[in-house]
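Input: a single structure, listed below in structure tokens.
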Amino acid sequence: MAAPSFESTYAALPERFHARIAPTPVAAPRLLRLNSALAESLGLDPGWLASPEGVALLAGNSIPESVRPVAMAYAGHQFGNFTPQLGDGRAILLGERRDRAGRLFDVQLKGAGPTPFSRQGDGRAAIGPVLREYVVSEAMAALGIPTTRALAAVASGEPVYRETPLPGAILTRVARSHLRVGTFEFFASRGDDEALRMLVDYAIERLHPDAAGAERPALALFEAVMGAHATLVPQWLGVGFVHGVMNTDNTSISGETIDYGPCAFLDAYHPGQTFSSIDHAGRYAYGRQPGIAAWNLARFAETLLPLLGETQEAQIAAAQAVLDRFEPRFQESWRDVLRRKLGLARIDDAGLTLASDLLDAMAEQRADFTQTFRALVECVEAGEGDAPGRDPREIGAAVGFSEPEAFASWIARWRARLREEEQRPEDVRASLRAVNPARIPRNHRIEEAIVAAREDDLRPFERLVEGLARPFDDDPRFEDLARAPEPHEVVRQTFCGT
Ligand code: AMP
Ligand code: MG
């Protein structure tokens with residue numbers, strides 16, 4: 001069988017959009033994991049990808065003649081400070097593949113060797129961050145949240161040198177596109193309006209085609225990207241996800257979650273929670289994510305200004321009008337997430353109060369985020385013919401409430417609301433089960449899988465991937481993955497994945 005072909009729509013853009021660079025071969029590639037279902041959705045043969053030729057491609061050791069590999073240029077605001085040139089320092093875009101619906105997807109090798117954007121970096125990735133991104137991005141996809149995907153993880157057979165030597169690996173990442181707010185900032189900061197126009201056209205054609213017909217396509221693009229993030233962030237909040245490094249170079253134009261560096265999921269709920277070792281000020285804390293998304297979108301708007309109107313005044317007014325819609329769009333979407341998490345038929349002030357009272361109690365008592373919401377399934381009042389359920393106090397204690405009585409009295413209010421809505425208990429249970437996952441990628445389980453993988457034991461990693469593929473099913477085989485960490489297992493800090 002022949003090597004697959006790739007389209008090169010991004011590589012076909014002018015030279016200043018990228019650097020042509022081939023991956024640097026590695027010593028001894030070995031397949032760690034292949035995502036066969038994802039491969040098939042892109043028309044790639046999993047059998048071939050798992051063959052020695054396939055693994056050589058996934059390692060960057062053998063690139064077909066027809067491929068035009070590039071590292072993408074971009075800039076970005078990191079923790080609020082602008083860097084005019086970042087770019088793919090260790091990722092190389094092989095090109096694009098189409099899914100069955102004809103949509104283009106980038107296929108990128110991350111950790112494939114140095115590029116002209118590497119600065120002091122080695123262009124490589126350690127096995128830990130690679131497996132972490134594999135687990136978390138695939139878990140996000142299974143949770144139904146827009147995200148880049150993991151097609152494969154390959155061991156390089158070479159060490160990478162961080163604080164200590166670590167086994168190296170390469171992740172094959174798939175995305176609707178790797179265009180970021182930082183890509184636009186790269187050209188805007190250089191005053192390159194021509195490139196900006198091309199980038200707008202490219203982004204519209206690929207990601208937001210409806211904007212093409214608008215009176216001002218760039219404004220319609222901005223509106224579409226704003227809308228995508230106004231619905232993305234509520235989905236993060238709904239599963240307790242903390243991105244950890246919401247810089248503009250990690251803010252995707254497609255509205256996908258991208259860059260799984262120091263990300264983490266809440267165990268105990270607290271809106272001020274951060275994990276990243278470098279986020280000293282809590283800029284990217286759980287509860288700050290909506291505000292940061294708006295801030296990043298404002299940076300995006302600034303890059304588009306020349307295309308938004310004839311006068312500066314008109315440009316700013318047009319951008320501001322769209323930005324002003326972020327907050328209401330976010331609120332609408334977040335309210336709907338809360339409605340579904342509580343199994344309510346509608347959301348009104350009383351429903352919102354119910355939601356915020358629960359969250360406040362969880363924060364105060366450090367209840368487990370995922371387990372508390374999942375436990376609601378069990379707390380729905382027994383219907384006719386149902387066996388009586390466990391005492392809510394017992395359930396509250398099990399999910400981490402230090403005062404289970406507080407949880408039980410909240411449950412009484414919630415049940416009254418459900419009675420008022422005249423929903424059938426079995427319907428409420430089914431909808432709660434479909435929204436509140438039993439399992440999320442717990443930080444301590446990821447750590448455990450990484451530690452084992454460094455010693456060549458991939459079983460915990462494989463089990464994690466498998467156990468998170470159907471996160472809404474009760475599955476006794478994976479009961480351990482649903483459990484909250486014991487106090488000594490709690491992960492308090494995560495690190496940028498380099
Ligand atoms: P990130 O923190 O992953 O968003 O990366 C920020 C910038 O650092 C990007 O330009 C990356 O390509 C670059 N970078 C991160 N790690 C490495 C590495 N090991 N070698 C070269 N560049 C890197
Ligand atoms: Mg990044």
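Computed from the coordinates by the stated procedures, all read-outs in this text should not be read as laboratory data. Predicted model, so just to flag it, every value in this text is computed and none were measured. With ideal geometry, Cβ positions are generated from the backbone for all residues, glycine too; neighbour counts draw on all protein chains shown.
With a point put 7 Å past each Cα toward its Cβ, work out how far E302 is from Q320 in nm, to one decimal.
Reported label-point gap for E302 and Q320 is 1.6 nm.
Order 384-390, 208-214, 219-225 from most to least packed using the mean count of other Cβ atoms within 10 Å.
Averaged packing, sorted descending, gives the order 219-225, 208-214, 384-390.
Can you give the net charge of the other residues whose Cβ lies under 13 Å from the Cβ of Q289, counting K and R as +1 and D and E as -1?
+1
So for each of 231-239, 393-401 I average, over its residues, the number of other beta carbons within 10 Å; can you give me the resulting order with the highest mean first?
231-239, 393-401
Rounded to whole Å and sorted largest first, what semi-axes of the equivalent ellipsoid does the C-alpha gyration tensor of region 378-498 yield via the square root of 5 times each eigenvalue?
35, 17, 12
Test of the criteria: in region 1-105, which trypsin sites (Lys or Arg not before Pro) are in a DSSP loop and have at most 11 other Cβ atoms within 10 angstrom of their Cβ?
Sites meeting the loop and neighbour criteria: R100.
Could you please state, rounded to a whole Å, how far the C-alpha centre of region 46-88 is from the C-alpha centre of region 167-196?
12
Just need log10 I(q)/I(0) for region 15-175 at q = 0.12, 0.16 Å⁻¹, Debye formula, equal scatterers on the alpha-carbon atoms, no solvent, rounded to two decimals.
Cα-only, vacuum Debye calculation for region 15-175: -0.51, -0.93.
For the chain, what is Rg from Cα atoms divided by 2.2 N^0.38 Å, rounded to two decimals?
Numbers: Rg = 23.3 Å, N = 498, 2.2 N^0.38 = 23.3 Å.
Cα Rg divided by the expected 2.2 N^0.38 Å: 1.00.
For a quick check of your reading of the filter: which GluC sites (Glu not before Pro) in region 411-491 sit in a DSSP loop and have no more than 13 other Cβ atoms within 10 Å?
E422, E455
Once you wrap a convex hull around the alpha carbon atoms of region 181-335, what is its projected area averaged over all directions, in nm²?
So the mean shadow area of the Cα hull is 9.4 nm².
Using a Förster distance of 25 angstrom, determine the FRET efficiency expected from the C-beta separation of R415 and A469, and round it to 0.05.
It comes to 0.15.
Work out the P(r) tail for region 24-109: percent of alpha carbon pairs separated by more than 20 Å, whole number. Walk me through the numbers before you get to the answer.
Numbers: 1658 of 3655 pairs.
So the portion of pairs separated by more than 20 Å is 45 percent.
Using 0.36 nm per residue of separation minus the Cα-Cα distance, give me the extension gain between E327 and D456 in nm, one decimal.
Here the answer is 41.7 nm.
State the answer as a single residue: which of G89, T372, L354 lies farthest towards the positive end of the charge dipole of the chain, with beta carbon charges of +1 for Lys and Arg and -1 for Asp and Glu, about the Cα centre.
Going by the Cα projections, it comes out as G89.
Need the C-alpha centroid separation for region 215-244 versus region 1-42, integer Å.
Going from one Cα centre to the other spans 27 Å.
Between A28 and R424, how many nm apart are label points set 7 Å from Cα along the C-beta direction?
6.1
So if I place +1 on the C-beta of Lys and Arg and -1 on the C-beta of Asp and Glu, and nothing else carries charge, what would the dipole magnitude of the chain be about its Cα centre? I want it in debye, nearest 20.
700
Using helices alone, what [θ] at 222 nm do you get for the chain, with -39,500 (n - 2.57) per DSSP H run of 4 or more residues, divided over all residues and rounded to the nearest 500? If you can, show how the numbers build up before the last one.
On the way: 18 runs with 212 residues, N = 498.
Roughly -13000 deg cm²/dmol at 222 nm, from the helical runs in the chain.
Among 8-15, 410-417, how do they line up from the highest to the lowest mean number of other beta-carbon atoms within 10 Å? Spell out each step's value before the answer.
On the way: 8-15: 15.0, 410-417: 16.8.
My ranking of the peptides, most packed first, is 410-417, 8-15.
What net charge do the residues around P129 carry, taking every other residue with its C-beta under 15 Å from that of P129, with Lys and Arg at +1 and Asp and Glu at -1?
In short, +2.
Under 5 Å between amide H atoms, partner at least 5 residues away or on a different chain: which partners does L94 have, H built in plane at 1.01 Å?
V107, Q108, L109
Assigning unit charges at the beta carbon (Lys, Arg +1; Asp, Glu -1) and nothing else, what dipole magnitude in debye, to the nearest 20, does region 181-335 show about its Cα centre?
Computed charge dipole of region 181-335: roughly 460 debye.
For region 304-452, what size does the Cα cloud have along each of its three principal axes, sorted from largest down, in whole Å?
The Cα atoms of region 304-452 stretch 68, 50, 27 Å along the principal axes, largest first.
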